[in-house]
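J.: For reference, the structure I am asking about is given below.
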Amino acid sequence: PQPGSLLSSSLPLSFSSPPLAGDITQKGYEKKRSKLIGAFLPKAPGKGKYHSEIYIPQTHLICPVINLKTGSLSGLPTCLSCAVCFADVHTEAVQAALAKQKERGKMAVPMPSKRRSLVVQSSMDAYTPPDTSSGSEEEGSMQGEGTPTSSQGSINMENWISRAIHGSTTSSTTSSSSTQSGGSGAASRLADVMGQTHLENHSTPPDVTGYTTDSIQVERPQGSTTASRATPKYGNAELMETGDGVPVGGRVSAKIQQLVNTLKRPKRPPLREFFVDDFEELLEVQQPDPNQPKAEGAQMLAMRGEQLGVVTNWPPSLEAALQRWGTISPKAPCLTTMDTNGKPLYILTYGKLWVRSMKVAYNILHKLGNKQEPMVRPGDRVALVFPNNDPAAFMVAFYGCLLAELVPVPIEVPLTRKDAGSQQIGFLLGSCGVTVALTSDACHKGLPKSTTGEIPQFKGWPKLLWFVTESKHLSKPPRDWFPHIKDANNDTAYIEYKTCKDGSVLGVTVMRIALLTHCQALTQSCGYTEAETIVNVLDFKKDVGLWHGILTSVMNMMHVISIPYSLMKVNPLSWIQKVCQYKAKVACVKSRDMHWALVAHKDQRDVNLSSLRMLVVADGSNPWSISSCDAFLNVFQSKGLKPEVICPCASSPEALTVAIRRPTDDSNQPPGRGVLSMQGLSHGVIRVDSEEKLSVLTLQDVGTAMPGALMCVVKPDGVSQLCKTDEIGELCVCSVATGTSYYGLSGMTKNTFEVFPMNSVGAPISEYPFTRTGLLGFVGPGGLCFIAGKMDGLMVVGGRRHNADDIVATALAVEPMKFVYRGRIAVFSITVLHDERIVVVAEQRPDSTEEDSFQWMSRVLQAIDGIHQVGVYCLALVPSNTLPKTPLGGIHLSETKQLFLEGSLHPCNVLMCPHTCVTNLPKPRQKQPEIGPASVMVGNLVSGKRIAQASGRDLGQMEDNDQARKFLFLSEVLQWRAQTTPDHVLYTLLNSRGTIASSLSCVQLHKRAEKIATMLAERGHLQDGDHVALVYPPGIDLIAAFYGCLYAGCVPITVRPPHPQNIATTLPTVKMIVEVSRSACMMTTAVICKLLRSKEASAAVDVRTWPPVLDTDDLPKKKPPLLYKPSNPDTLAYLDFSVSTTGMLAGVKMSHTATSAFCRSIKLQCELYPSREVAICLDPYCGLGFVIWCLCSVYSGHQSILIPPSELEVNPALWLLAVSQYKVRDTFCSYSVMELCTKGLGLQTESLKSRGLDLSRVRTCVVVAEERPRIALTQSFSKLFKDLGLHPRAVSTSFGCRVNLAVCLQGTSGPDPTTVYVDMRALRHDRVRLVERGSPHSLPLMESGKILPGVRIIIANPETKGPLGDSHLGEIWVCSGHNASGYFTVYGDEALQSDHFNSRLSFGDTQTIWARTGYLGFLRRTELTDASGERHDALYVVGALDEAMELRGMRYHPIDIETSVIRTHKSITECAVFTWTNLLVVVVELDGSEQEALDLVPLVTNVVLEEHYLIVGVVVVVDIGVIPINSRGEKQRMHLRDGFLADQLDPIYVAYNM
């Protein structure tokens, strides 16, 4: 039957829905999910069977079997041969490899999610056809536009090609759909995952307490704090959650689960050996596999080409040849050029060439500069800048230079100032000392000009004089002037440029004798004769095109028909038509030209190629040229093409022509074919493979060594030692006809042009130096050369060698013509974590859908894995026509790599596979048992180190005239101040203009508090000990309400009011605190009262369940009969509620004793007295911020200048202007305020200075924080305001936590805060290792202020609770009079958390009761002395235990990974990381166009691998402001995580790394 019919019955039915236009973040997802996962879900009975189990091997569909020994086709009638011309070996292997992967049942790869706006841009309507100026070097897809030959447009051409490839059109569709998302089979396991509601328990975030609106249930897995959890910023995540906090319905979790399952697949075999990277971090190093193939052959012998038989009438130099033909046969045609319609434009005869080049020679030597000081002299180098469509002008200029004994340096025309790679060409010209550029009239007119009409200097180029070589602009040489024509000697003839792997451009110098000998060798090996016609499609400025079409042709008086690239693009058949028209004997082409001819030939009737005796394939050494050659022969054999005519050759800029297949008349001797095992090749060994194996490379020979040359193969790295006969190495050539040096680079020259290969005993095999060709290969039987790749394309991954070209060939063989352009694929390697990683970048066709291209990507990965046994690290698709091009349309590889690495490639699809590629990560850490009680404790030493403990000054010893000390309660202190200093102002509130909005003196505060107490008693009917929620904006009302509560015997709870613009997300938090704290009533202002009753509020929460709300703007006139006098100082003074960074809402109880002790401690540390003024700019709702805002002034009597942080959004300079205006010595702020100033005032320091802003009086500027000090922010703040007098040592941070609201605070006396650098890798192992500043992996940590008076600290092991030695990382435990007395819980069930507040050490001092802060840190005794003359102990906070992530057995702090990520690209403004089921998820905020989103994925993955040895599982790119931040400016990573899992982030792009 027809192959097509056999297939149609078994097409899977689940993919019949129309393709989606990538609508990813909308509802369309459901459809998409069913499409993606449909294949893996069992079908409902009766809906038609799902046929994926029926596996039709692709290989049987490709009819012809090419017998690789003879090259003949077997098993098909000749009439079919045209349709299957493309049944190339490689495609077949790839199809089989994919099929094999399918049998193995690869798990499905989750498809990345992309925002709609990103998808649209790459769709068809936004598509502009590839620009015609430079299509692709291998552009296989001859697009329909503007192609006269393909009148029916490109659609049927596509069909035709895909039929040619697959043997039938339908086969290709099956292969694509049946491996949807990379395979089925075992993937049906996904169905269970989707149906499973309860994922395994380790995926639960540690302390998540479910909060629902109807009832409060508090469940506490693993010792979470009581508090019920604040509703996430993203709305209702709870509805999605299952019992253990893992959303199930969310598509994100389905995808992650898919990813997790995929990653559970067995890795490649584990590797054994290690090398030590600096210290314990062990990175695996690839050990040779004992079973790998090793070379076993004898040592090879150098191969000698045939004798170069010098013919008597050969000219003694090329100029002599030109003179001979120009005078003997001036009418003979030398060169015919074509216009873009394929009409002959111009015929250059030998006579004209001779006369004109003489004219050019004369003018350059005599008309530039003056007689005494000519600009150029013989031996100088001159640039030749000619466009690709003007070979005649180039030829005249080139021979003009030879006649003038100048050295031409042919280069490309610089189209724009920033053309890819043109800068490097400029460096080459500079290093060659070029001052003159020869060019044609048309080219000169086309160069970019400045307004004055001058040609600007191109970037990186030397200053050039542009000289137009057209005859009409030149003066005739005088009769008596004649160029000096001598025999070829050792002077340099010309310099050919060569672009290296890294993009740098070198100049290869070729001597005149080498030039002549090379022409002679080519003449002999190609059998050139006088007046033959040769068609040249190649670039005539360099390489094979120059050697055959400009040089050897003149030596033999041949006629060259030059086909410009622009004509080929319009009419790809043009070269074949010219061969027929001129009955040409020879044609010089690349595989691309053969490929294009195949695509376009079917409209041609009268093609006859019988005149061709030689078809030189310039890139015949490329592994994938063989398929073009075979296919071309298949199609054109019927049109008179003889098989022996196809002559692949191998060449390189350094060695010129290395080998070429001779055109023989003897058609019995078939060309050589090698079918080699890829596995063997990757180990550098030749193993001829039986053809059953999938991973083989089929090579064609490139003939034998050149006449007069000696060739050998040496090991590619290290000493140049001869290879064995079955080993792949670099070909080296010893011949007169090679380049001699890289111009001006003696070191590189020595390593390339002066190589002495050694035999096994270390003796050189020849006294003459060899030249390295840069080609990898071997010499086969009969002296035939086989090229397996280039040194430049070599990638060594895990100790195995892979060739970029082979990988391109494999990628192309995966449904070649469907989703990407044939020639527009770049493969290169980047170094990440001590090994090379393979990156594949391809241009995607504009009409392919998201799904198509993603599927193509996953198939490419599988094909490369199956055939080369190597993982691809990153596969990126870019929109068509966006890769940087070389002037002839190929891809500029180094530029592409550069763009990739700097994140400006702008791909439209990215798939990264670090999990499969990176096999050299350090071994996961096994935890060592810590030192237990059995270890010797002598005095204060533990395991030989001083025990890490420290304390602030002792409160008992400190004699001060503290009047407030005699009162037990703050309410009494206020009453005492109201009596003794009634008019002393305690509080001043500033508005955004910096003027005083309101102020309170002692007596005003007292009276106001009395009225509030009355109101509570009368209107609120409250009893002693009732809880009252105070919902106030930062200001004076809040303070008055707080003391009113104390006067009434109630317990106040300060709550941040809901944000009027964002009620939906802020009001539920208010409601929750009110409910969890069991507040009997709420007090607030009239404005907020109204807000609580608004429509928006009732939409967000159930307003009927609010407790009574009292409006304090309307106070009763009378004062209370009697103020409440508390009896027991250990009763509750107030509750402090705060949302931690892990999203936990926790309330702690502060007793009257603790509150007074706290105020006293701060008073002593900061030396606060009634005469002092303190400026405060932070949020007054919890922690130390609340204490400083509300309590300290009443206790110490100083004046507090209050600046609400929200006012800074209107006027960023408000805080600093107030500090300056009030001549404040002490000020407190938060990180968000500091950041606002740093970002908002960065450019205004000069204008602030002129407004008289002076910060020189500031003695302490303390950031109130509960985290590791943000050293980068504090340093940039200090630096920025240094000019305004701010002393850098004034800036410091404090540290507090839930169990103790302030452990440290930089006071007025005592040493300045110190900074140390620790090794980040040791820190992951819970060890502290101090290093020098700037050493690799160093992390700066700043001391968190000084330990407060009355506070003792010890560092304990959080697991064993044993004391730790100095400089060990452990949990900070604190013992102090102002510790909180416990969490406030709903059910009185405090046992769970009791150890947070009363823990004892497991050995050592087991009596003291400590509170556990939940933060990791270490103590270090410094050389500094503190106020009491003791050595000062510094406390360094590293991070919260709750936040720390356990990955690979090590402890990571999110902030360290985030810092690395933010540094990696300028567009990343913020980053947050969290883990989910052991996957690391990185969320980045993008400040830039959405097109940049995908650039970030590889960069983020690279930096986390390099700096943290971790593989990122998911990269999420979101808009600015999506990462939630709490009032203290801390990232709420757990809320972010919930938002991500519930799919509420509306990400721009989500990449799932494989």
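J.: Provide the per residue accessible area, probe 1.4 Å, for region 704-751, rounded to a whole number of square angstrom. Show your work: numbers first, answer last.
T.: Working: 1750 Å² over 48 residues.
For region 704-751, the per-residue accessible area is 36 Å².
J.: Follow-up. Quick one: length gained pulling Ser1402 to Trp314 fully straight, 0.36 nm per residue minus the C-alpha distance? Mind showing how you got there, number by number?
T.: On the way: separation 1088, 0.36 × 1088 = 391.68 nm, distance 9.89 nm.
Full-extension gain reported as 381.8 nm.
J.: Got a sec? What order do Thr771, Thr886 fall in by accessible area at 1.4 Å, biggest, i.e. largest, first? Each step should come with its number before you reach the end.
T.: Working: Thr771 5, Thr886 35 Å².
Reading off the accessible areas and sorting them downward yields Thr886, Thr771.
J.: If you don't mind, another one. Shape call for region 1402-1444 from the C-alpha gyration tensor, a ≥ b ≥ c root eigenvalues: rounded (a/c under 1.5), prolate (a/b greater than b/c) or oblate?
T.: Numbers: a/c = 2.89, a/b = 1.35, b/c = 2.15.
It comes out oblate by the Cα gyration axes.
J.: Here's a follow-up. Quick one: which of Lys501/Lys885; Lys498/Lys790; Lys1239/Lys1346 span more than 18 angstrom between C-alpha atoms?
T.: Values: Lys501/Lys885 15 Å; Lys498/Lys790 14 Å; Lys1239/Lys1346 28 Å.
Pairs exceeding 18 Å: Lys1239/Lys1346.
J.: Roughly speaking, what is the stretch gain from Asp1024 to Glu1506, that is 0.36 nm per residue apart minus the C-alpha to C-alpha distance, in nm to one decimal? Don't skip to the answer; put the middle values down first.
T.: Working: separation 482, 0.36 × 482 = 173.52 nm, distance 6.03 nm.
Extra length from Asp1024 to Glu1506 when fully extended: 167.5 nm.
J.: Moving on to the next point. On average, how much accessible surface per residue is there in region 774-850, in Å², for a 1.4 Å probe, leaving out ligands, DNA and RNA?
T.: 21
J.: Carbon and sulfur: what percent of region 1442-1487's accessible surface (1.4 Å probe)? Can you show the working numbers first?
T.: Values: 600 of 1360 Å².
Solvent-exposed carbon and sulfur of region 1442-1487 make up 44 percent of the total.
J.: If you add up the charges near Thr492, with Lys and Arg at +1 and Asp and Glu at -1, over every other residue whose beta carbon is less than 13 angstrom from its beta carbon, what do you get? Show your work: numbers first, answer last.
T.: On the way: positive: Arg381, Arg512; negative: Asp380, Glu405, Asp491, Glu496.
The answer is -2.
J.: Would you work out which of Gly744, Ile787, Ile765 lies farthest towards the positive end of the dipole of region 725-806? Charges go on Cβ: Lys and Arg +1, Asp and Glu -1.
T.: Toward the positive end, the furthest listed residue is Gly744.
J.: I've got another one for you. Can you work out the Karplus-derived ³J(HN,Hα) for every residue in region 1097-1114? Use 6.51 cos²θ - 1.76 cosθ + 1.60 with θ = phi - 60°, whole Hz, and x for glycine or proline.
T.: 5, 5, 6, 7, 9, 7, 6, 6, 9, 5, x, x, 10, 9, 9, 7, 6, 10
J.: What's the carbon and sulfur percent of region 1287-1434's accessible surface, probe 1.4 angstrom, rounded to a whole number? Spell out each step's value before the answer.
T.: On the way: 2450 of 5140 Å².
For region 1287-1434, the apolar C and S fraction of the accessible surface comes to 48 percent.
J.: Follow-up. Hey, how many Å between the Cα centroid of region 1170-1186 and the Cα centroid of region 461-505?
T.: Region 1170-1186 and region 461-505 have Cα centres spaced 79 Å from each other.
J.: Mind putting a number on the dipole of region 647-799 about its Cα centre? Charges go on the C-beta only, +1 for Lys and Arg and -1 for Asp and Glu, and I need it in Debye to the nearest 20. Don't skip to the end; give the middle numbers.
T.: Values: 10 positive and 14 negative charges, 29 e Å.
Approximately 140 debye in magnitude.
J.: Defining a contact as two alpha carbons under 8 Å apart and six or more residues distant in sequence, what relative contact order in percent does region 1089-1155 show? Before the final figure, lay out each step's value.
T.: On the way: 45 pairs, mean separation 14.6, N = 67.
Reported relative contact order: 22 percent.
J.: Sticking with this structure for a sec: Give the accessible surface of region 1000-1061 per residue, rounded to a whole number of Å², with probe radius 1.4 Å and ligands, DNA and RNA excluded.
T.: Numbers: 1900 Å² over 62 residues.
Here the residues of region 1000-1061 average 31 Å² of exposed surface.
J.: Less than 12 Å Cβ to Cβ from Trp547, Lys/Arg counted +1 and Asp/Glu -1: what total charge do the surrounding residues give? Mind showing how you got there, number by number?
T.: Details: positive: Lys541, Lys542; negative: Glu496, Asp539, Asp543.
Here the charged neighbours net out to -1.
J.: Distance between the C-alpha centers of region 506-531 and region 1278-1328? Whole Å please.
T.: Centre-to-centre distance over Cα atoms comes out at 73 Å.
J.: Just the number, please: carbon plus sulfur as a percent of the accessible area of region 1019-1150, 1.4 Å probe, no ligands or DNA/RNA counted.
T.: Numbers: 2940 of 5330 Å².
It is 55 percent, rounded to a whole number.
J.: May I ask which of Lys367/Lys590; Lys1282/Lys1466; Lys359/Lys541; Lys486/Lys585; Lys590/Lys642; Lys945/Lys1531 have a Cα-Cα span longer than 29 Å here? Intermediate values should be presented prior to the final figure.
T.: Values: Lys367/Lys590 41 Å; Lys1282/Lys1466 26 Å; Lys359/Lys541 21 Å; Lys486/Lys585 32 Å; Lys590/Lys642 18 Å; Lys945/Lys1531 36 Å.
Correct reply: Lys367/Lys590; Lys486/Lys585; Lys945/Lys1531.
J.: If you take every residue apart from Ala1040 with its C-beta less than 11 Å away from the C-beta of Ala1040, what net charge results, scoring Lys and Arg +1 and Asp and Glu -1?
T.: Working: positive: Lys1007, Arg1008, Lys1011; negative: Glu1010, Asp1037.
Net charge in that neighbourhood comes out at +1.
The values are calculated or read from the model by the stated rules, or taken from the named source; none is laboratory data. This one's a predicted model, so the numbers in the text were calculated from it and none came from an experiment. With ideal geometry, Cβ positions are generated from the backbone for all residues, glycine too; neighbour counts draw on all protein chains shown. Accessible surface is based on the protein model in full, side chains and every heavy atom, while ligands, DNA and RNA are left aside. Shrake-Rupley method; radii C 1.70, N 1.55, O 1.52, S 1.80 Å.
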